[in-house]
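Chemist: Following this message is one structure expressed as structure tokens.
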Amino acid sequence: MYISNLRLWNFRTFGSPDYKIDLKVPHLEVDFKPGINVLIGENDTGKTAIIDAIRYVLKTHAYERLWVSEDDFYFGSSELRIEIIIKGLSFIEASHFTEWLGWDDVHSEEAIPFLRLIFLAKNNDNGIWISSLCAGTTPEGSALDYEAREYLKITYLRPLRDAEDELTAKKASRLSQILSGHKLFKKKTKTEEHPFERIVKETNHKIEEWFRNDSSNDYEKSHKEQIKDIIDRFLKEFISDSVESNIFISNPDIKSILEKLSLNLIDQIKPGLGSHNRLYMAAELLHLIKDEWSGIRTCLIEELEAHLHPQAQMKVIEALEKEENVQFIITTHSPNLTSKINIADEESTNLILCKDKKAYSLYPGKTLLDKSDYKYLQHFLDVTKANMFFAAGVIMVEGWSEAILLPVIANSIEKDLTRSEISIVNIGSTAYMHFAKIYMPLNGTMNFPVSILTDLDIQPDKDGKFDSQCEISRLEDLVGQFDTSRYPNVQIMVAKQWTLEWCLYNSTTYKNSFMDAVSKVHGGTLEFKRGNDKQYDEESFKYKLIEKLKNRSLNKVAIAYELAKEIKEKNLIPQSNDKYIEYILDAINHVCK
């Protein structure tokens, strides 16, 4: 069984001004898959709230105290509600919840059971009152008993976890909690002696004998005289003559023994945070792989990348993807990790983009993405492109020239892309639709600005003239790919003519600087050199530029670097009537509102 759906009302940042709880309209709804679910998005978008809501309802194996506080209520509200739908129950799993189950396809011969959990909390003048966890198909459900709740406990790994401390021997250590839940450390009866208890009793006896050893010689006092006798002498004076000390390794009960255990790596001297973190995760996963466990097998991991370098992150996520019958719900801020998620596996992998107090699942049927898009993204979604999931806005460009120039041009109009948390994503081709559809949910509009910067790609004829009708037709085709009335957040900005370089050449703002940049990069080309009068031959320059653009021999990236330096050094501010770079300014202004 696995978490299929989460719905929130008036929880943390998810609420409505009237505080109303309409069961048909949750303030947040998130769908999950039975395999890997990854919550992505910039800070303060609700990823942790989603994780905590699940913890409040299901509780964890860590015996942590989870109490709703005033901060959990949407601002000004007095009541919150959390619902979780559990699906995929086997016959044995379903048997734990018989009286609370609902059924999908109830009129079918193969009706499918599901479990609906309801968590309510109220904030009144006397403090916070929390109802018992309920379950069932009615709006309020009925109380879920303690035994049934035990089968709903999940595994949780908190962010910035102190893995070394969690695995070190101490009272109520996390390692002792993990091991005590395993069948190997369960006793069938209270009087039964566990093998560990027998081992420790024998060890205690040997230790006791060693400290009671009264053998001495002319050169050294006995063990007893050096340690135990001295301690006992003071004890008799401090307390009474009847008191005597005993030195042992542990109380011979299984709980005390497990608290004396530590977990570390063999043959590694002082392993670092990353190694401890992976060891800790491996230990926690014991809860999910137990053969006898007939409860939910779900693991919540906040910031999986904590203390892990990029390659380690990828190894961990690959290992988790191999685990069958285990559900993972993970939060991350790591483009490296996100780029490694196998989004082409639509059955068991789910990227959930958290934006503007909503959660958008990216699996099929939730956006305009189709199967070919997923395969493309799986192949091309490298680390640099995965940055777009953690930005406040995105500008998609066709190549490195645009990626180099846009931040500089933006600064010249007092738009700082870095401060505005805007990512420039170099698609490396005109395949921007594969990426743009991510921001086009089937239900609703995503409040996330996306600018797509693309060339018109209509070449001039041999005389350097452009076919205006072909340009108009091409522009209509490009713009027609987008339903801007339905998705106003996604806008395509098309070069006025041909390519970026051609527009820069014709720009009233950048023309001279662009020609200088071309001359520096292609210094051996006669047509790009200044004459004795320190001027360029406009006709020769123009036709040579057309030739190089057509045969793709123009070094666009190097020219972009030179032009970027010129724009910064000369503080070139775009002229208001510069029609050739208007599309670039529109792209910047759309994402930097």
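The values are calculated or read from the model by the stated rules, or taken from the named source; none is laboratory data. Small disclaimer: the values here were computed from a predicted structure and weren't measured. Please note: Cβ atoms are built from the backbone with ideal geometry, for glycine as well, and neighbour counts cover all protein chains shown. SASA here: full protein model, heavy atoms, side chains in, ligands and nucleic acids out. Shrake-Rupley method; radii C 1.70, N 1.55, O 1.52, S 1.80 Å.
Chemist: Starting from one equal scatterer on each C-alpha and no solvent at all, send me the Debye-based log10 I(q)/I(0) for segment 434-593 at q = 0.11, 0.15, 0.17 Å⁻¹, two decimals.
Modeler: Ignoring solvent entirely, the Cα scatterers give -0.53, -0.90, -1.09.
Chemist: Another question, if that's okay. Expressed as an acute angle from 0 to 90° and rounded to the nearest 10, what is the orientation of the C-alpha long axis of helix 582-591 relative to the principal long axis of the chain?
Modeler: Taking Cα atoms only, the helix is inclined about 20 degrees.
Chemist: Then there is this: Please tell me the relative contact order of segment 92-172 in percent, rounded to the nearest whole number, where contacts are Cα pairs under 8 Å and at least six residues apart. Walk me through the intermediate numbers first.
Modeler: Details: 83 pairs, mean separation 17.0, N = 81.
This gives 21 percent for segment 92-172.
Chemist: Along the Cα→Cβ direction, 7 angstrom out, place labels at D71 and S16. What is the inter-label distance in nm?
Modeler: 2.7 nm
Chemist: Separate question: Using DSSP to call loops (not H, G, I, E or B), can you name the trypsin sites (Lys or Arg not before Pro) in segment 155-244 whose Cβ has at most 15 other Cβ atoms within 10 angstrom?
Modeler: The qualifying sites are K170, K171, K186, K187, K188, K190, K221.
Chemist: May I pose another question? Once you put a point 7 Å from the Cα of D104 and another 7 Å from the Cα of N126, both along the Cβ direction, what distance in nm separates them?
Modeler: 4.2 nm
Chemist: Name the GluC sites (Glu not before Pro) in segment 390-431 that are in a loop by DSSP and that have at most 11 other C-beta atoms within 10 Å, would you?
Modeler: Of the GluC sites (Glu not before Pro), the ones in loops of segment 390-431 whose Cβ has at most 11 other Cβ atoms within 10 Å are E414.
Chemist: Over segment 12-160, with every protein chain in place, what whole percent of the accessible area is carbon and sulfur at 1.4 Å, could you tell me?
Modeler: Its accessible area is 51 percent carbon and sulfur atoms.
Chemist: Roughly how many nanometres apart are two label points built 7 Å out from the Cα toward the Cβ at R233 and N213?
Modeler: With each label point 7 Å from Cα toward Cβ, the separation is 2.1 nm.
Chemist: A follow-up question, please. For the chain, take the longest principal axis of its alpha carbons; what is the angle in degrees between that and the long axis of helix 538-550, to the nearest 10 within 0 to 90?
Modeler: 40 degrees
Chemist: Please report, for the Cα atoms of the chain, the Rg to one decimal and the Dmax as a whole number; what are they, in angstrom?
Modeler: Expressed in Å, the Cα Rg and Dmax of the chain come to 33.2, 115.
Chemist: Something else now. Less than 12 Å Cβ to Cβ from S180, Lys/Arg counted +1 and Asp/Glu -1: what total charge do the surrounding residues give?
Modeler: Net charge around S180: +3.
Chemist: Which stretch or stretches of segment 490-533 have amide N atoms under 11 Å from the point lying 7 Å from S553's Cα along the Cα→Cβ direction?
Modeler: In segment 490-533, the label zone of S553 (backbone N under 11 Å from the point 7 Å along Cα→Cβ) covers 525-526.
Chemist: Report, in listed order, any pair from K122/K190; K47/K579; K570/K593; K87/K437; K437/K542 with a Cα-Cα distance greater than 31 Å.
Modeler: K122/K190; K47/K579; K437/K542
Chemist: List the residues, sorted by chain then number, that are 5 or more residues from W498 or on another chain and whose placed amide H is less than 5 Å from its amide H.
Modeler: Amide H neighbours of W498: L456, D457, I458.
Chemist: Also, I was wondering about something else. Once the principal axes of the Cα atoms of segment 204-328 are found, what is the range along each, listed largest first in whole angstroms?
Modeler: Principal extents (largest minus smallest coordinate, Cα): 66, 35, 25 Å.
Chemist: Right, something else. Which whole-number percent of Cα pairs in segment 18-77 have a distance greater than 19 Å?
Modeler: So the pairs more than 19 Å apart make up 46 percent of the total in segment 18-77.
Chemist: Looking at segment 94-179, which GluC sites (Glu not before Pro) are DSSP coil and have at most 11 other C-beta atoms within 10 Å of their C-beta?
Modeler: Here the sparse-neighbourhood loop sites are E109, E110, E140.
Chemist: Now a separate question. Using only Cα atoms and rounding to the nearest 10 degrees, what angle (0 to 90) does helix 229-238 make with the longest principal axis of the chain?
Modeler: For helix 229-238, the angle is close to 80 degrees.
Chemist: Taking only protein heavy atoms into account and a 1.4 Å probe, give the accessible area per residue of the chain in Å².
Modeler: So the chain comes to 51 Å² accessible per residue, rounded to a whole number.
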